[in-house]
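One structure below.
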Amino acid sequence: MNLFSKIMECSFKSVDLFHGADMEVMTPLMEEAGGEEEDVDKDEDPEHLPQGITFTQTLLHLLKGNIGTGLLGLPLAVKNAGIVLGPVSLLLMGVVCVHCMHILVNCSHQLSERLKRSPLGYSDTVAVAMEMSSSQCLRKGAHFGRHLVNFFLVLTQLGFCSVYFVFLAENIKQVMEGAHLNSSVETVLIHSNSLEEGAVATGLDLRLYMVFLLPFIIVLTFIRDLRNMAALSAIANLCMAISLILIFTYILNDVSDPRRLPYASTWRKFPFFFGTAIFAFEGIGVVLPLENQMREPKRFPQALNIGMGFIIILYVTLATLGYLRFRDDIRGSITLNLPHDSWSNQLVKVLYSFGVFVSFAVQFFVPAEILVPMVALSFTWANTTRVFLNLNSLHLSLSGITAVLIPRLDLVISLVGAVSSSALALVFPPLVELVAFPSQPPPPLLLLKDLSIAAFGFIGFLTGTYVTLEEIIYPDDQGQTRLHDNGNWATPTTSPNV
């Protein structure tokens, strides 16, 4: 499609190690890469120039497709699971998610080779697997299967944008009010864990900051060609990388004794851990586009293992150290725990927010890539540009409304993870492997393994959605207080003596 044929040039020409575009935002950036590379090499000898992305580029894209806002919420996830159970569960969930990525790649290969077709995307892999099934019921439902995957992809992007809304509003609120507090001599003199009476900071409601952000985000909906954002994207990725370095520098200065923290949390809190963790790990949408455009596709499993191995180590390390540093005060994003008394802490919030804001523009292309052709086919009189802008406006409105209705970052992340990320990362891949297995019925061990993974994802979907919706409908006092920031975040943090 002409609308998306140039998007990949922006991605490949900017060396962007850390892209806050989470998971499926990479799909439109990858799938049209082949045609763009042909244009780049048209004036040179294509017979002597290799096509596709290199092994190193693949690793970099894996990193940027998996590092975003979800990473910053993992310390709270560990709190909801326990200082021992949390890191162990996070490690195991990472291994299972990587295994599901391998499953999806293998199934796509097998199906495309059987049909002698070009590489398949996520929804096509599911649909073709069902079409080739021996079950007549599955064959009839192949069309539904494709639409179901596309529905969850669009729903995930809607959730991502809602998370971005809340993340930006929370961090900008702290930066603005922190700057105001720093200008007050009385506030600077406060160095205790609890604020003295009368020293409570008052500020605007969080939802008002979302309203203030709206005009700037609306401008992003009019961007139809991401080539002009290549330099801005590279700068944003660098900003996010610097932010992570500063975060690690801060939390490593003072780590509490893990023996003073609960080894395992209650079963009722664990679903919150599941939702947050699967939100961070759900980078499965970037796998097939990357593998399809790799110069040496046979080396992709190696690249996937190395890249995701680094991601898992980064996730577990930041999650554990973040919880040890802030203990029970940990927030939905670790940036929200950084006190205002240091310019570097304020810089972290500004830089990471800038990276998230820039990635907002890319998010709109994912649902548009899926929905614009469907709308254009249904309404032949519709103008493509108008459809694109209208869909973006609708997407922005829905994500903004969701953020206003659920203005708690931890709950939005958990809900998006439980509802949509669990299906894409844990439920669909093992079921596709069972359906696409050449010999039917599949071996008992394979059947047991795949059904166990799918059941785990489905149970996480049910329990995570239930407890999150319950917390949204019947919020605790602490969650309501955070909407009108009580200023505790603004005081320099001192760890208790141990």
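The values are calculated or read from the model by the stated rules, or taken from the named source; none is laboratory data. The structure displayed is predicted, hence computed values, not measured ones. Here Cβ is always computed from backbone atoms with ideal geometry, including for glycine, and neighbour counts include all displayed protein chains. Just the protein is used for accessible areas: all its heavy atoms, side chains included, with ligands, DNA and RNA removed. Shrake-Rupley method; radii C 1.70, N 1.55, O 1.52, S 1.80 Å.
Points to keep in mind about this one:
- Search result, residues across region 348-369 that are at pLDDT below 80 and open to solvent by 30 Å² or more (accessible area, probe 1.4 Å): Glu369
- Pairs linking a residue in region 160-187 that is assigned to a helix (DSSP H, G or I) to a residue that is modelled with pLDDT of 90 or more and open to solvent by 40 Å² or more (accessible area, probe 1.4 Å), with Cβ atoms under 7 Å and 6 or more positions apart or on different chains, are Ser162/Thr402; Val175/Val350.
- Filter pass, Gly275 being assigned to a helix (DSSP H, G or I) and surrounded by 24 or more Cβ atoms within 10 Å (Cβ to Cβ): yes
- Test result for Ser123, polar (S, T, N, Q), modelled with pLDDT of 95 or more and touching a helix residue (DSSP H, G or I) at 6+ places or on another chain (Cβ under 6 Å): no
- Of the candidates Leu415, Leu448, Leu389, the single residue that is open to solvent by 10 Å² or more (accessible area, probe 1.4 Å) and under 27 Å from Gln174 (Cβ atoms) is Leu415.
- Top-ranked residue of region 310-328 - restricted to ones that are open to solvent by 10 Å² or more (accessible area, probe 1.4 Å) and over 17 Å from Asn253 (Cα atoms), ranked as modelled with the lowest pLDDT: Asp328
- Residues (in contact with a Phe, Trp or Tyr (Cβ under 8 Å, 6 or more places away or on another chain), within 20 Å of Leu92 (Cβ to Cβ) and aliphatic (A, V, I, L, M)) located in region 315-350: Leu318, Leu321
- Residue list for region 91-123, restricted to those being in a helix (DSSP H, G or I) and more than 20 Å from Ala454 (Cβ to Cβ): Leu91, His109, Ser112, Glu113, Arg114, Leu115
- Qualifying residue in region 169-177 (condition: at pLDDT below 85, out of contact with any Ser or Thr (no Cβ under 9 Å at 6 or more places or on another chain) and of a type in the set (Gly, Ala, Ser)): no
- Scan of region 333-347 for residues that are surrounded by fewer than 19 Cβ atoms within 10 Å (Cβ to Cβ) and either closer than 10 Å to Gln174 by Cα or aliphatic (A, V, I, L, M) (or both), ordered by number: Pro339, Leu347
- Each residue in region 280-300 was checked for being acidic (Asp, Glu) and surrounded by 22 or more Cβ atoms within 10 Å (Cβ to Cβ), and 2 pass.
- Criterion (under 27 Å from Val154 (Cα atoms) and either part of a loop (DSSP other than H, G, I, E, B) or at pLDDT 85 or above (or both)) met by exactly one of Leu63, Leu17: Leu17
- Any chance Thr384 is closer than 24 Å to Tyr122 by Cβ, at pLDDT below 85, open to solvent by 10 Å² or more (accessible area, probe 1.4 Å) and hydroxyl-bearing (Ser, Thr, Tyr): yes
- Selection status of Val78, surrounded by fewer than 24 Cβ atoms within 10 Å (Cβ to Cβ) and in a helix (DSSP H, G or I): no
- Count of residues meeting criterion [in contact (Cβ under 8 Å) with a residue 60 or more places away in the chain, of a type in the set (A, V, I, L, M, F, W, C) and within 12 Å of Gly460 (Cβ to Cβ)] in region 416-450: 5
- Taken over region 433-445, the criterion of being open to solvent by 10 Å² or more (accessible area, probe 1.4 Å) and part of a helix (DSSP H, G or I) is satisfied by Glu433, Leu434, Val435, Pro444, Leu445.
- Pairs where the first residue, in region 237-262, is more than 13 Å from Gly322 (Cα to Cα) and the second is open to solvent by 40 Å² or more (accessible area, probe 1.4 Å) and modelled with pLDDT of 90 or more, C-beta under 6 Å, 6+ apart: Cys239/Phe354
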